[in-house]
Amino acid sequence: MTLSNGAPGSAGRLVLFDIDGTLVHAAGVGRAAIEGAMIEVYGTPGPIDDLPFDGMTDPQIVRTLLRAEGLSEAEIAPGFDRLWPAYAARLQGEIDERRERMRPTPGVPEILDALEAEGATLGLLTGNIVAGAEGKLSAVRLWSRFPFGAFGCDDADRNRLPPIALERAFRHTGTRYGPGRTWIIGDTPHDIECARGSGLSVLGVATGRFSVDDLLRAGADEALPSLRDTGRVMSALASA
């Protein structure tokens, strides 16, 4: 699948966004699609009702559920080639049914506009596989805002995604970004752990299950209730 095209940013800052709970409220389309695809391929979704997906990569979610159901890696791995096309097909069906309930989180279009206006480079850092990222963001007309990213299909370990995103940022812009010039924005402690593991700055937004205090305790440089106040977000991102 080809990622969207976009104009290279300036040599300013790089801002990498999580998707679910940070950029978009997706009305449960991903969970429903994963459940259906797992039943189709493995005959079970495992204890899916008991697992919060927040901050997990798609492959990590599936492996966690199937291992809890007692499947070994030798039983899990052969199904992955069938699972992701099944997931992508089911995801599109779920999006078609729930599109009217999907929406960007408050302030997202405005903060993307403000960052682009100052010459920042925008990218994604998400646990979604590319098909999931494209489907969810296209449904709320945001996919074209992000010319590159690092995805759950690049590595099941979220903490290994930042170097992939930085390399793709270099390929897109010709600029080497790193600590002091790169922010990750996300709504879970997993986003914070991921940023910290690569020495990157991180802004937590309490638009998911975790509060501002939760995100600060997890180690966020800054944490805000949402992205609604564009000026406050821009000030936070200028604080590194």
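The values are calculated or read from the model by the stated rules, or taken from the named source; none is laboratory data. Remember, it's a predicted structure, so these values are computed and weren't measured experimentally. So basically every Cβ, Gly included, is an ideal-geometry build from the backbone, and we count neighbours across all protein chains shown. We work out accessible area using only protein heavy atoms, side chains counted, and drop any ligands, DNA or RNA first. Shrake-Rupley method; radii C 1.70, N 1.55, O 1.52, S 1.80 Å.
At a glance:
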read-out	value
Cα gyration tensor shape for region 154-194, rounded if a/c is under 1.5, else prolate or oblate	oblate
Highest-fluctuation residue, Leu71, Leu115, Leu166 considered, GNM on the chain with Cα pairs under 10 Å	Leu71
Alpha-carbon radius of gyration plus Dmax, which is the widest Cα pair, for region 1-130 in Å	17.1, 51
Of Gly70, Gly55, Gly208, the one that fluctuates the most in a GNM where the chain has Cα springs shorter than 10 Å	Gly70
Amide H partners (placed H, <5 Å) of Ala150, local residues excluded	Leu124, Leu125, Thr126
Among (i) 1, 6, 12, 15, 16, 14, 12, 9, 7, 4, 3, 1, 0, 0; (ii) 1, 5, 9, 8, 7, 7, 9, 12, 14, 12, 9, 4, 2, 0, 0, 0; (iii) 1, 7, 15, 19, 20, 17, 11, 7, 3, 1, 0, the entry derived from the coordinates for P(r) over Cα pairs in 5 Å bins from 0, in percent	(iii)
Environment charge of Val212, counting only residues whose C-beta is closer than 11 Å and scoring Lys/Arg +1, Asp/Glu -1	-3
Accessible area per residue, Å², the chain with all protein chains present, probe 1.4 Å	42
Whether region 92-226 is rounded, prolate or oblate, judged on the alpha carbon gyration tensor where a/c under 1.5 counts as rounded	rounded
Three-way shape call for region 72-146 based on the alpha-carbon gyration tensor, with the a/c threshold at 1.5	oblate
Placed amide H near Val202: partners under 5 Å, 5+ positions off or other chain	Ile184, Asp221, Glu222
Accessible heavy-atom area order of Ser144, Ser198, highest first, probe of 1.4 Å	Ser144, Ser198
Highest-MSF residue in the chain out of Arg171, Arg63, Arg90 [GNM, Cα springs under 10 Å]	Arg171
For Gly107, residues with placed amide H under 5 Å, excluding near neighbours	none
Kyte-Doolittle mean at least 1.6, axial Cα span of 20 Å or more - DSSP H helices of the chain	none
Mean Cα-pair separation over length for region 81-240, i.e. relative contact order, pairs under 8 Å, 6 or more apart, %	19
Helix-derived mean residue ellipticity, 222 nm - over the chain, DSSP H n ≥ 4, -39500 (n - 2.57), to 500	-13000 deg cm²/dmol
